[in-house]
Amino acid sequence: QVQLLESGGGLVQPGGSLRLSCAASRNIFNNYVMGWYRQAPGKQRELVARITGGGSTNYADSVKGRFTISRDNAKNTVSLQMNSLKPEDTAVYYCNPVGTQFWGQGTQVTVSS
């Protein structure tokens, strides 16, 4: 059984920070690159950042220098530290084993004054 549970979203003012976490079942976490995606209203889901099992990372240009993805292989968790948040970062954020169709419920991030 595959489980993905995202948490940490909320309402934050522009320039603020949030840290998202995703707990994944071990059977999926150990075998895949893990990614954070987001979907804003009326837009397609997009990849925000991803991280390999060895810690190599990639970021969307829109978040480079502001977001940091990390993973704890011992705890089967992947996190996304989001700093200098902008209104355009508002979306539902999901973690996903890259290349699979496994998705959690997502966590809402709203950046607004």
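Give, as a single signed number, the net charge of other residues whose beta carbon lies under 10 Å from the beta carbon of TRP103, with Lys and Arg counted +1 and Asp and Glu -1.
Result for the local shell: 0.
By the scheme Lys and Arg +1, Asp and Glu -1, what is the net charge of all other residues having a beta-carbon under 15 Å from that of ASN30?
Taking every Cβ under 15 Å from that of ASN30, the sum is +2.
Sort 28-38, 9-19, 68-78 for me by packing, meaning the mean count of neighbouring Cβ atoms within 10 Å per residue, highest on top.
Going from most to least packed, we get 28-38, 68-78, 9-19.
I want to verify a result. In a Gaussian network model of the chain, Cα cutoff 10 Å, which of these has the top mean-square fluctuation: THR100, THR52, THR90?
Between THR100, THR52, THR90, it is THR100 that shows the largest mean-square fluctuation.
When the convex hull of the C-alpha atoms of the chain is computed, what volume per residue in Å³ does it have?
90 Å³
Tell me which lysines have Cα within less than 27 Å of LYS75's Cα, excluding those fewer than 8 residues away on the same chain?
Within reach: LYS64.
What whole-number distance in Å separates the alpha-carbon centres of the range 19-71 and the range 86-113?
Taking the Cα centre of each part, the range 19-71 and the range 86-113 sit 9 Å apart.
Once phi is turned into θ = phi - 60°, what whole-Hz ³J(HN,Hα) does the Karplus curve with 6.51, -1.76 and 1.60 give for every residue of the range 36-50, x standing for Gly and Pro?
10, 10, 9, 9, 8, x, x, 10, 6, 5, 10, 6, 9, 7, 8
Taken together, the values in this text are just the output of simple stated rules run on the coordinates, not laboratory data. All values derive from a computational prediction rather than experimental measurement. Cβ sites come from the backbone with ideal geometry, for glycine too, and all protein chains shown count toward neighbours.
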